[in-house]
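Participant: Would you mind keeping the following structure in view while I ask a few things?
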Amino acid sequence: MIKTTLLTLGIGLGSASMAQADRGYANPVIPGFHPDPSVCRVDNDFYLVNSSFQFFPAVPIFHSTDLIHWEQIGNCLTRPSQVRLENVNAWGGIYAPTIRHHNGTFYMITTNVSDRGNFIVCATDPKGPWSDPVWLSQSGIDPSLFFEDDKCYMVSNPDGGIWLCTIDPLTGRQLSESRRIWDGTGGRYPEGPHIYKKDGWYYLLISEGGTEYGHMVTIARSRSIDGPYTPNPSNPILTHFCHAAEGCPIQGTGHADIVEAADGSWWMVFLAFRPQDGSHHLLGRETFLAPVRWDKDAWPVVNASGTVGLQMDVPTLKQQPQPQRPQRTAFDGRQLGPEWVHLCNPVADNYALTGKTLRLTASETDINQTGKPTFVARRQEHIDFEAATCVTLSKAGQGDRAGLTVYMESHSHYDLAIEQTASGQQLVLQFRLGRLTHDAKRISIAQGQKVHLKVTGSNSSYSFAYSLDGHDFTDLGQMDARYLSTETAGGFTGITLGMFASKQTQASKAFADFDYFDYKGL
């Protein structure tokens with residue numbers, strides 16, 4: 001049952017041999033709300049983690065053998081004992097994680113800005129289970145680890161700079177005083193630090209400029225890990241805040257991590273976003289990939305120009321495409337896949353797989369509030385997409401609701417739902433925009449009617465429709481996509497598409513059965 005799941009849930013690549021068998025790939029390599037990527041390699045396998053902010057389970061983890069095709073194999077934080085997300089909004093929760101592997105153990109270090117700060121969890125199997133957290137003394141966000149011999153170094157960014165200390169990664173105990181090692185090149189918000197060692201140099205990679213249009217990746221190096229660090233004269237090594245990328249459909253490039261493949265080629269994963277309808281982005285910050293030329297004793301060069309494209313015509317590792325996820329989630333299994341998430345720490349008893357449906361027990365907290373609404377969703381991954389579900393609302397009191405939501409954050413979402421009224425049930429298309437709530441359509445339906453709900457997304461709008469038989473859909477209208485964008489709504493997340501159920505009184509026994517959830521890119 002799902003209750004159990006919730007609790008357990010032609011560019012050179014360096015001096016290496018270019019024996020790769022394939023060429024070319026499409027960015028982003030992990031589409032949708034998957035920001036702040038960090039990557040590590042174990043033999044021929046790559047593992048990648050992302051930020052998750054207010055969503056649970058937290059810190060999605062992916063596996064790949066080619067850095068292009070990724071499969072989500074789980075989430076690092078699947079238990080309330082690992083991550084407290086009480087009343088967290090779209091600005092809070094779990095910030096940028098780093099994943100590293102050392103002596104047979106995986107370590108994931110991150111920040112819960114809504115709890116006690118920086119912590120580490122570890123696992124011998126990246127699929128989990130991961131340990132409970134050990135908490136760290138050095139503050140700041142975006143912590144990272146660097147292992148050398150018998151020492152584990154930690155870097156993070158308290159007080160607007162990059163600080164270094166040594167720690168015991170299994171206990172969290174700090175073993176040396178924190179030392180300020182670099183302030184960046186002068187861009188605001190120096191963050192996302194990672195240390196690498198190559199050719200006797202310690203390289204310190206960071207991001208600056210804020211995770212917006214001015215985002216950039218800069219780098220410095222030193223012969224000693226303690227510094228002093230000398231910045232690259234050609235910084236930034238990656239940015240689209242430049243004339244060359246002014247019209248590029250990828251913007252906000254930054255927050256990067258670098259990895260060496262088994263063949264000696266080097267690659268960078270980083271976040272960026274794809275603007276829609278002008279300068280608005282809705283899918284959140286996504287994970288992109290670029291080749292890195294890193295010659296001996298030289299500074300790294302990203303994709304020859306420090307910019308990237310949606311279509312990358314470069315030699316790649318031997319590509320291993322992953323099987324595509326089915327368009328339909330039928331809710332006929334024993335648990336949901338790892339791509340499904342909730343807001344904050346969910347009430348496990350409110351979710352059950354019956355063998356035929358996903359049953360959501362309504363909660364008094366609704367999706368207009370922070371807290372623990374009955375809500376389960378997946379990330380929007382395509383600008384053009386179609387999503388649909390089928391819902392029946394039962395044992396409802398007046399004002400109780402259940403349906404489909406296009407959700408950015410608690411004050412910014414579009415909903416198509418069944419609502420119980422004094423005279424019967426109605427289908428309601430409702431828009432929530434800041435302090436404004438608008439019912440765009442109300443249609444009376446039979447009590448207990450099963451209704452198919454559909455939303456279609458495009459570059460500029462979300463369009464809604466319903467059907468009583470699952471075949472013939474009636475259009476209900478559309479809404480401007482820009483009102484749900486990060487530029488309008490704020491927050492650090494992206495659009496999720498999901499199902500919810502809410503009730504007006506504690507005495508209500510309302511629940512909703514969802515037969516399926518379809519999602520496909522168009």
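Participant: List the residue pairs whose Cβ atoms are under 8 Å apart, where the first residue sits in the stretch 254-283 and is part of a strand (DSSP E or B), the second is surrounded by fewer than 19 Cβ atoms within 10 Å (Cβ to Cβ) and of a type in the set (Val, Ile, Thr), and the two are 6 or more positions apart or on different chains.
Facilitator: Cβ pairs passing all conditions: HIS280/THR488.
Participant: Please work out if THR230 is crowded, with 17+ Cβ neighbours inside 10 Å and out of contact with any Pro (no Cβ under 9 Å at 6 or more places or on another chain).
Facilitator: no
Participant: Can you name every residue in the stretch 305-321 that is under 18 Å from ALA262 (Cα atoms) and either in contact with a Pro (Cβ under 9 Å, 6 or more places away or on another chain) or of a type in the set (A, V, I, L, M) (or both)?
Facilitator: Passing the criteria: VAL314, PRO315, THR316, LEU317.
Participant: Kindly list the number of the only condition in (1) crowded, with 23+ Cβ neighbours inside 10 Å; (2) outside any strand (DSSP E or B) that fails for ASN89.
Facilitator: (1)
Participant: State which residue pairs qualify: first residue closer than 21 Å to ILE181 by Cβ and inside the stretch 219-246, second residue buried (at least 18 other Cβ atoms within 10 Å of the Cβ) and basic (Lys, Arg) in any location, beta carbons under 8 Å apart, and separation of 6 or more residues or different chains.
Facilitator: Going by the 8 Å Cβ cut-off, the qualifying pairs are TYR229/ARG221; THR230/ARG221; ASN232/ARG221.
Participant: Of all residues in the stretch 402-445 being surrounded by fewer than 14 Cβ atoms within 10 Å (Cβ to Cβ) and among the charged types (D, E, K, R), which is farthest from LEU283 (Cα to Cα)?
Facilitator: Filtering the stretch 402-445 for residues that are surrounded by fewer than 14 Cβ atoms within 10 Å (Cβ to Cβ) and among the charged types (D, E, K, R), the one farthest from LEU283 (Cα to Cα) comes out as ARG442.
Participant: Can you go through ARG188, ARG180 and tell me which one is surrounded by fewer than 16 Cβ atoms within 10 Å (Cβ to Cβ) and in a strand (DSSP E or B)?
Facilitator: That would be ARG180, the only listed residue that is surrounded by fewer than 16 Cβ atoms within 10 Å (Cβ to Cβ) and in a strand (DSSP E or B).
Participant: Give the number of residues within the stretch 186-224 that are among the acidic types (Asp, Glu) and touching a Phe, Trp or Tyr at 6+ places or on another chain (Cβ under 8 Å).
Facilitator: 1
Participant: May I ask you to say which residue of ILE162, ILE94, ILE109 is buried (at least 24 other Cβ atoms within 10 Å of the Cβ), hydrophobic (A, V, I, L, M, F, W, C) and more than 20 Å from the chain's Cα centre (by Cα)?
Facilitator: Within the list ILE162, ILE94, ILE109, the selection yields ILE162.
Participant: Under the condition of being out of contact with any Asp or Glu (no Cβ under 9 Å at 6 or more places or on another chain) and not in a strand (DSSP E or B), which residue from the stretch 69-86 is farthest from ILE120 (Cα to Cα)?
Facilitator: It comes out as HIS69.
Participant: Could you give me the residue pairs with C-beta distances under 7 Å whose first residue belongs to the stretch 288-304 and is more than 15 Å from LEU204 (Cα to Cα) and of a type in the set (Gly, Ala, Ser), whose second residue is part of a loop (DSSP other than H, G, I, E, B) and at pLDDT below 95 wherever it lies, and which are 6+ apart or on separate chains?
Facilitator: Every condition considered, the pairs that remain are ALA304/ILE11.
The values are calculated or read from the model by the stated rules, or taken from the named source; none is laboratory data. It should be emphasised that the depicted structure is a prediction, and the values quoted were computed from it without experimental measurement. Methodologically, a virtual Cβ is constructed for each residue, glycine included, from the backbone with ideal geometry; neighbour enumeration extends over all protein chains shown.
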